[in-house]
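Here's the structure, in structure tokens; my notes come after.
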Amino acid sequence: MSAAFESHATRAASGSYPSPALLNQSPWPTPRAADSDRSLNIAPLAICINIPLQARGAELPPALAGALGREIASQPHNLRQRPVSQLMWRNPFNDFGLGDLTATMHQLGSHFRLLPGDSHEYCAEVDIFQTTEEQVALLKGLGFNQLLVTLPPAALSSKLDDVAPVLTQRIRALRDYGFASIGIKLVYGFHAQKPHQLRHLIDTIIHLQFERVYLCDALEDYHWDPLATACANSSELQDHFTLLFNALRNNGYRVLGNDCFVLPKDQLAVAQRHYRLRRTLLNYNASNAADLLGLGPGAYGQLGRTYQRNEPDPQTYCHKVGNGESPVIGSYSLDEQGQLLRLVIDQLLCYHRLDITYMESRYKLHLMPLLRQSIRRLASELSSGSHALVQFKDRACMHLPPIGILHLRAICDALVMEGLLDQHKTTSTDTSERYTKQ
Amino acid sequence: MPQLKETARVTMDKFASDTRCHTNPQVSCGNCRLNSICLPISLHIDDIDKLDDIIQRSRPLQKGDYLYRANDEFVSVFAVRSGTVKAINITNDGQEQVTGFYLPGEIVGMDGLATNRHTNSAIALETTAVCEIPFTRLEELSIKIPSLQRHFFQLMSKEITSDQQLITLLSKNSAEERVAALLVSISSRNQRRQLSSTAFRLPMSRADIGNYLGLTVETVSRVLSRFQKQGVLTVDKKEIEIVELGKLQAVANPIGF
């Protein structure tokens, strides 16, 4: 584990972390019904509509809008009655016209409880270089109150110097539309990115006062793009991440996980301060959404303890939905240990602290041995003292100092690995003896 | 004799032209001159008759007549055939706020779609003819003709977009930018209707323009005079001639995308 582990010691820890496959160490088996199909549930729901980016310019099937509409209409009634407090539409204009977008939102509103006003977090992820003013106006008119802008891989890798002026002009124009929050997804780790260019770009981002900045690993987010094959080596990757992490923290941004930065006035920062931050596979939210419904090709869902994934190929997706089949190609339910690990990791990602006494009494766990063992193992891998990564306060609470937050991904990985190793060691005896007080 | 024949031909042409005219209440969608920008644009020639079957054409509205009032039940959308309609909203303090102007070929009344009640009132600014399209029947027809549904949502997206752009215009831009944006909008809408994009008659009063743009009547007049002095346009009461369309567009969208 050590070489790979060392190379990933300072990496982004949000997004799809931890993957169910990692928690359960197993490939996803065949689809099965999600938990929330079973009982009445009126808790807020997050929805992610995914239009694949890799299909840009490569002919998305013309039937995609129709197929998406059919997938929306085919959702079970118990999901439809839940208020949709968070909506993320990835790349809405990638092959969708203004009319298609309006029709799909109309369909979504006809089948789900979309919330009015600003009581929701409805966000569209758009390429700032491609999006037109009409598209932005339509998004606002359709009820999106947040924007997440992305920069094309070409601009992020070889033409980084050209980005700042265009970004500045466009963000100023976007501000006129009165979005509650404008975020930027900053992909780092392209080989062509030079530290001074990244510093210049992050200075621009800080100057423009983006409410949210998400750092994303080029290899994870743009693995389909030829430019991403020219990714930085692991040492450069760490340097880029550390540079961005420090620049944002030193300029007043609050950090969630270790890769999501928010201005102190942003609702996510407020939710973090008030201990009401939630996260799903999608990202963080302040609207109490713990379940995620994924729609569209390649979308991930997380309903209760069940994860599911849609068919990623747009053609096959359309074919399946057109034939009245489910587009879900795999689903997985976390076992008890996986759920507990997810709880612990969610706490660390959201608050950088773990109330050990509360977690142990609430969930009948012996957490301390797992934590100590994981941190000790990680510290030896990183050749640093475990006290530097985490701080324990009276055996009741664990805090992450800045260096610990920087290494949050590694800490979470270590917890997962230690939990799995321990599970493996004790399968012949009684796992519950060690982790749950019966 | 040849002269008589010529006169007859001219008369016949004129008659043919008149029967095609969108101002004629009897003209069908298939023959309407506005069908290239109105709902039929999306339809195959065979389907235009199906749309025509559900459309109701009544006598023209006179200036000041209401097409519908705020809080009326949402039953139909309306295609403006001739004349101009303004949409108004009554603010919390009882003031009238103009929220849009609808020119021939444009669809008005979609504000009721979300709640089944109209949120605005629509008033004729001059003698105006409309085609009434019952929404339930339009929905039924859309299921049979998907291209109609697509086009309807395109129109709706345009409506939503222009609403948002107006809000942005009012919240940020200067008086010059606001007036320029309205003139550029009318110019491009005229162009779509194959009318002159640079010489037209403003169908609305200065007071309505001021109300729509959040400016006083005096400011609207001052801005128009300033544009005239700068040689961007000429104004003669309601008649406008845009001399420098490029300049006007640049004023309308100073820091756009």
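Any idea how far apart A:Ala180 and B:Arg192 come out in nm if each label point goes 7 Å out from Cα toward Cβ?
Calculated label separation equals 3.2 nm.
Compute the accessible area per residue over the range B:33-151, keeping the other protein chains in place, probe 1.4 Å, unit Å².
48 Å²
Could you tell me how far the Cα centroid of the range A:256-307 sits from the Cα centroid of the range B:67-91, in Å?
About 42 Å separates the Cα centre of the range B:67-91 from the one of the range A:256-307.
I'd like the per residue volume of the convex hull spanned by the Cα atoms of the range B:119-205, given in cubic angstrom.
Taking only Cα atoms, the range B:119-205 has a hull volume of 144 Å³ per residue.
At a Förster radius of 22 Å, what calculated FRET efficiency corresponds to the Cβ-Cβ distance of A:Arg113 and A:Val166, to the nearest 0.05?
Once rounded, the FRET efficiency stands at 0.05.
Inside 10 Å of the C-beta atoms of B:165-176, what's the mean count of C-beta atoms belonging to other chains?
Mean partner shielding for this stretch: 3.
Per the 1.4 Å probe, what fraction of the accessible area of chain B, in percent, lies on carbon and sulfur atoms?
Roughly 51 percent, rounded to a whole number.
Would you tell me the mean number of C-beta atoms belonging to other protein chains that fall within 10 Å of each C-beta in B:146-157, as a whole number?
The mean count of partner-chain Cβ atoms within 10 Å per residue comes to 5.
Determine the residues within the range A:61-105 where the difference in accessible area between the chain on its own and the full set of protein chains amounts to at least 10 Å²; count protein heavy atoms only and use a 1.4 Å probe.
A:Leu98, A:Gly99, A:Asp100, A:Thr102, A:Ala103
Rounded to whole Hz and in sequence order, give me ³J(HN,Hα) for the range A:256-263 from the Karplus expression 6.51 cos²θ - 1.76 cosθ + 1.60, θ = phi - 60°, writing x for Gly and Pro.
Computed from phi, the couplings for the range A:256-263 are 10, x, 9, 9, 10, 10, 10, 5 Hz.
Taking amide H positions as placed in the peptide plane 1.01 Å from N, state which residues far from A:Gln302 in sequence (5 or more) or on other chains have amide H under 5 Å from it.
Under 5 Å from the amide H of A:Gln302: A:Leu292, A:Leu293, A:Gly294, A:Gln308.
For the range B:33-151, what number results from the quotient of the Cα radius of gyration and 2.2 N^0.38 Å?
This ratio for the range B:33-151 stands at 1.07.
Assuming a ≥ b ≥ c are the square roots of the Cα gyration tensor eigenvalues, decide whether the range A:336-426 counts as rounded (a/c under 1.5), prolate (otherwise, with a/b larger than b/c) or oblate.
It is oblate, given that a/c is not under 1.5 and a/b is not larger than b/c.
Report, as an integer, the average count of C-beta atoms from other chains found within 10 Å of each Cβ along A:127-138.
Rounded to a whole number, the mean comes out at 4.
How large is ³J(HN,Hα), in whole Hz, for each residue of the range B:173-190 in order, when computed from phi with the Karplus curve 6.51 cos²θ - 1.76 cosθ + 1.60 and θ = phi - 60°, using x for Gly and Pro?
7, 6, 4, 4, 5, 5, 5, 4, 4, 5, 5, 5, 5, 5, 4, 6, 5, 5
What percent does the relative contact order of the range B:173-252 come to when contacts are Cα pairs within less than 8 Å and at least six residues apart?
39 percent
Using amide H atoms built in the peptide plane, which far-off residues or other-chain residues are under 5 Å from A:Trp89 H to H?
Answer set, sorted by chain and number: A:Ile49, A:Cys123, A:Ala124, A:Glu125.
May I ask you to order B:88-100, A:319-331 by the average number of other C-beta atoms within 10 Å around their residues, highest value first?
Final packing ranking: A:319-331, B:88-100.
In the range A:336-426, carbon and sulfur make up what percent of the accessible area (probe 1.4 Å)?
Roughly 51 percent, rounded to a whole number.
Buried accessible area between B and A (1.4 Å probe, both chains summed, ligands and nucleic acids excluded), in Å² to the nearest 100?
In total, chains B and A hide about 1800 Å² from solvent.
Would you please put B:170-183, B:229-242, B:130-143 in order of how densely packed they are, using the mean number of other Cβ atoms within 10 angstrom per residue and starting with the highest?
Output ranking for B:170-183, B:229-242, B:130-143: B:170-183, B:130-143, B:229-242.
Output wanted: per-residue J couplings in Hz (rounded whole) for the range A:185-198, from phi through Karplus 6.51 cos²θ - 1.76 cosθ + 1.60, θ = phi - 60°, x for Gly and Pro.
9, 9, 8, 10, x, 6, 4, 6, 6, 9, x, 5, 5, 4
Below 8 Å, C-alpha to C-alpha, sequence gap of six or more: please give me the relative contact order for the range B:175-219 in percent.
31 percent
Please report, for the Cα atoms of chain B, the Rg to one decimal and the Dmax as a whole number; what are they, in angstrom?
19.9, 71
List the residues, sorted by chain then number, that are 5 or more residues from A:Gly183 or on another chain and whose placed amide H is less than 5 Å from its amide H.
It is A:Leu147, A:Leu148, A:Val149, A:Arg212, by chain and number.
The values are calculated or read from the model by the stated rules, or taken from the named source; none is laboratory data. None of these values were measured; they are calculated from a predicted model. Cβ sites come from the backbone with ideal geometry, for glycine too, and all protein chains shown count toward neighbours. For the accessible areas, the whole protein counts, side chains as well, though only heavy atoms, and no ligand, DNA or RNA atoms are used. Shrake-Rupley method; radii C 1.70, N 1.55, O 1.52, S 1.80 Å.
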